[in-house]
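The values are calculated or read from the model by the stated rules, or taken from the named source; none is laboratory data. All values reported here derive from a predicted model rather than from experimental measurement. FYI the Cβ positions are ideal-geometry reconstructions off the backbone, even for glycines, and counts take in every protein chain you see. The area values use the complete protein model at the heavy-atom level, side chains included, leaving out ligands, DNA and RNA. Shrake-Rupley method; radii C 1.70, N 1.55, O 1.52, S 1.80 Å.
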Amino acid sequence: MKLKNLVFITFFALLFVIGGYYISQIDFGEKIARVEKITKSILEGVIEGPERFFPTEANITEEELSEINISKISEEIGESVKAKEKEKILLIEKKTEEALKIELKKLKEEKKLKHTKAKAKEAKLVKLEDLPQKFKPLKRNLHEPFKMGACELCHVSSGVKPGKIITKNIEELCYKCHKVRYNKKIDHKPVKEGRCTDCHDPHQSNSKNLLKGKNVNDLCLKCHSVGNKKKIKKVVNMKASYKHKPAEKNCVECHEAHTSDFKKLLKDDGKINLCLDCHSKLENHVDMKKWINEVKYKHGAISDSKNRCLECHDPHATNHKGILKKQQVKMCLSCHNKSLKSDEDGGMLMNMEKHLKDNPIWHKPIKDVVKEGGCAACHNPHGSNHFSILRRTYTTEFYDDFKTKKDFICFKCHKIEKFSEKYSDKTGFRDGKVNLHYLHVNNKKGRSCRVCHDEHASKYPRLIRRYTEFGGIKFPMRYIKTDNGGSCQPACHKKYEYDRVNQKNKFSPEVFKK
Amino acid sequence: MVKKIFYCFICLFTFLFANELDSKSTTSSNSSYIIWPKSNSIYESNYLSLIVKKVDKVDKIIVLLNDEVVVDKKITPQSVKHEDILYFNIKLYDLGINKISIKGFYKDKKVLEDSLEVFFRSILGKKYRYPSSKYKRVFFHNQENEKLCSECHDMSVNEIKGVVFHNSEDSNCYECHKYMMSEKYMHAPAANWLCATSCHSGKAGEFNKKYKDKSKFLYEDPIAPICLNCHEKFKKRFYKEKYRHEPVDDGRCNKCHNPHGNNDKKFLRYDVWSLCTTCHTDKKTQPHVVMTFSKKAHPTRGKKDPTDPTKELSCISCHNPHVSNNGFMLKGYRGKGMMLWCAKCHKK
């Protein structure tokens, strides 16, 4: 008995140990964290709602106001100074120790932003109630010296004219307090010329950073609007029907207001990096960065062109869908107006402009761009995993099994019943009620769509090709259209006529055999 | 002893050679009205162009092929395009020797008569493959003969490589060879008059080296490389499988298939059974596969194919005419034994 008990106990003990080990192996932590994340994001969405994506101008409290003075700008400047400091230190390390010490001291002195509050206190203060009429009523944001009533900091106190400024060089005046100068490669023109007051009000404003406009965009467009085209080259037409959301909302999302290391005062290389910063994170969108890099077949326009994204898109606003520079088809034809070399297989691509010019009957997406989507209805201009950057599969073969044909790009729009039913009214290509599409497509040797039809344009109705290619030989289709049907005389068979009303040919059941 | 045999041989060769010379001299004088074909020439195509010298006083002409009237035509000044030449198309049906004769009439009186023999050769089967030495292969399209028609006919190649005439009548070949289009099923390159750029390149192959430079439009023999250029699917299969039918191995597709077109959908020269039995002659007379006590053998034709009820039973119901992985060139059932193949039709 005892032995049996012992065996049982050891057995259960072992079971417990093994079970415990397995449970410990399962990682709950990650799962819980994931649930937490999901609930958090849902809650955030519910609480903040649409405002989350379109932040309104926040009201600023009095306490914050006092801190604003040199706040944000100085922070940024501080960063750039730090970067410079590092560079300098690196240089200095090479020099002698003594020189090093002296220069470090100088640096430290430079770094210390001597705030002029102390000076201001010494100056003659004016009470806010005593301010001249033109400053009343007071606006939301006040310049710190103005708020304190230290007019003497900038204005001559005992001058003939009460409003006279100490020095006419406004740049000098501003940099007196806002110590650090901008020191990146490219400056905004007003910054370069020291016209700070062009954008900022030195006394008070209703908007952040004492701007002269209602908001940043309002201010920017005062100069960069189409009306000023004579004075300024870089203008933006924000009245166009399709707008880039950041451009509509806030220029500063992409541009720096004062100075930048990149062209056009952008925050990053504006051709692609800046775009992908947002377009790889946007919800309900494909991760563009990943897509462009990993996709099998790449479109030369973004993968190795000069302007990359900006080759086709305008970053601000245009009258064409997708903020394209031109109407969609014209945009594509601006490059495809000559025979281009394909990266895919090294072959030459068709001169599409010439092809469309020569052939008056166009495929509907090309003909009706607005409704059907133009070239992009079938091709993905950002790249694709299917050849010829098509959105779905297609074939280059003459014969292709209908089983694989079913996911052809063609069937995105054209109903599949037109091809899979033996007797049908749904297609015009029929003799009586015998579906001739079925005959061509479904037999043992199913012909692919491209055998008879040209996908882009043709001289003949129904986009029938002039020539079909087989075994390296171009065979004419010799298609003739009649009122109720037509006739075809390609190399595949002798001349056959078909008529939708009066059936012309007799079809044996053999024909429908698979 | 050796010397004697050697002399004997020399005698024999001289005799043969003399005979040949003799035959040549006789042919030229024999046909005076028929300009083309040459007497005792060999034909490989079933269509024949007949050119006859016109005599002024003829108003009706009859052409006989093997004593059957093929052409019976009244001749008016309007119907004759060229002043001194008449042109007819004749289709040859029988292999071997064909006798062509013409008779010209003027007011129901026989004015002219001429006849000659041509040999319709087939590389299919031994019987019509080797004509006697009397018959010679003669080509029309060389510089000398083309002079005959060159005043009116342009016989240069006007096709562009890889592109077919939109209107087949644009081809220079069309005017003389248009009767080839009368077949029920036409092979695409032939129907679209891609004669010279796709097949009749003037080059000679392994099997017809001796005809090199004799014609502008000679085709390569074996022709398979040209055929497989388009029929790529076969190209892969032909070298993959274990056994190959002899013509396939030779690369002479045109043995069984007529490359221009035919009444058969697959351009077979005859119906399947007679085509196969031209070479496999023993299958005509001897029982096939089994012999029961009632002396009934396995049928090879005249019944419905049990595997495919729409077709008639023929050799290709069981055998693959090109390549196969199984013994006896049987279709399907790879390496699983004959019994399974039999069971396909003979279910219990």
A:VAL235 fails exactly one of (1) closer than 30 Å to A:SER41 by Cα; (2) surrounded by fewer than 19 Cβ atoms within 10 Å (Cβ to Cβ); (3) touching a Lys or Arg at 6+ places or on another chain (Cβ under 8 Å), namely (1)
Being open to solvent by less than 70 Å² (accessible area, probe 1.4 Å), within 14 Å of chain A (Cβ to nearest Cβ) and of a type in the set (Asp, Glu) narrows B:GLU117, B:GLU159, B:GLU169 down to just B:GLU159
Going residue by residue through region A:37-48, is there one that turns out to be modelled with pLDDT of 70 or more, open to solvent by less than 90 Å² (accessible area, probe 1.4 Å), farther than 30 Å from A:GLU144 by Cβ and touching a Leu at 6+ places or on another chain (Cβ under 8 Å)?
no
Selection within region B:266-297 - in a loop (DSSP other than H, G, I, E, B) and at pLDDT 85 or above:
B:LYS266, B:PHE267, B:ARG269, B:TYR270, B:ASP271, B:HIS280, B:THR281
Among the residues of region A:472-485, is there at least one that is more than 14 Å from chain B (Cβ to nearest Cβ) and either of a type in the set (Val, Ile, Thr) or without any contact (Cβ under 8 Å) to a residue 12 or more places away in the chain (or both)?
yes
Open to solvent by 90 Å² or more (accessible area, probe 1.4 Å) and touching a residue at least 60 places away in the same chain (Cβ under 8 Å), is that true of A:PRO381?
no
Qualifying positions in region A:486-502 - facing chain B (nearest Cβ under 9 Å) and open to solvent by 60 Å² or more (accessible area, probe 1.4 Å):
A:CYS492, A:LYS494
Filter region A:206-231 for residues that are in contact (Cβ under 8 Å) with a residue 24 or more places away in the chain and in a loop (DSSP other than H, G, I, E, B); which is farthest from A:LEU138 (Cα to Cα)?
A:ASN215
Go through the residues of region A:343-353 one by one and say whether even a single one is more than 30 Å from A:VAL226 (Cα to Cα), out of contact with any strand residue (DSSP E or B) (no Cβ under 9 Å at 6 or more places or on another chain), of a type outside the set (A, V, I, L, M, F, W, C) and at pLDDT 85 or above.
yes
Filter result for B:GLU220 (within 11 Å of another protein chain (Cβ to nearest Cβ), out of contact with any His (no Cβ under 6 Å at 6 or more places or on another chain) and among the charged types (D, E, K, R))
no
Can you tell me which of (1) free of Cβ contacts under 8 Å to residues at least 12 places away in the same chain; (2) hydroxyl-bearing (Ser, Thr, Tyr); (3) in a strand (DSSP E or B) is the one A:THR427 doesn't meet?
(3)
Within region A:434-455, how many residues turn out to be in a loop (DSSP other than H, G, I, E, B) and either of a type in the set (Gly, Ala, Ser) or touching an Asp or Glu at 6+ places or on another chain (Cβ under 7 Å) (or both)?
2
Contact list please: Cβ distance under 6 Å, first residue in region B:97-119 and more than 19 Å from B:ASP59 (Cβ to Cβ), second residue surrounded by fewer than 18 Cβ atoms within 10 Å (Cβ to Cβ) and β-branched (Val, Ile, Thr), pairs at least six apart or on different chains.
B:GLU117/B:ILE97; B:PHE119/B:ILE42; B:PHE119/B:ILE97
Which numbered condition A:ARG450 misses (of (1) touching a strand residue (DSSP E or B) at 6+ places or on another chain (Cβ under 6 Å); (2) in contact (Cβ under 8 Å) with a residue 24 or more places away in the chain)
(1)
Quick check on B:TYR179: is it aromatic (Phe, Trp, Tyr) and either open to solvent by 60 Å² or more (accessible area, probe 1.4 Å) or free of Cβ contacts under 8 Å to residues at least 60 places away in the same chain (or both)?
no
Only one of A:ILE409, A:ILE464 that is in contact with a Cys (Cβ under 7 Å, 6 or more places away or on another chain), surrounded by 15 or more Cβ atoms within 10 Å (Cβ to Cβ), closer than 27 Å to A:HIS379 by Cα and within 14 Å of another protein chain (Cβ to nearest Cβ):
A:ILE464
State the number of residues belonging to region B:308-317 that are open to solvent by 60 Å² or more (accessible area, probe 1.4 Å) and in a loop (DSSP other than H, G, I, E, B).
3
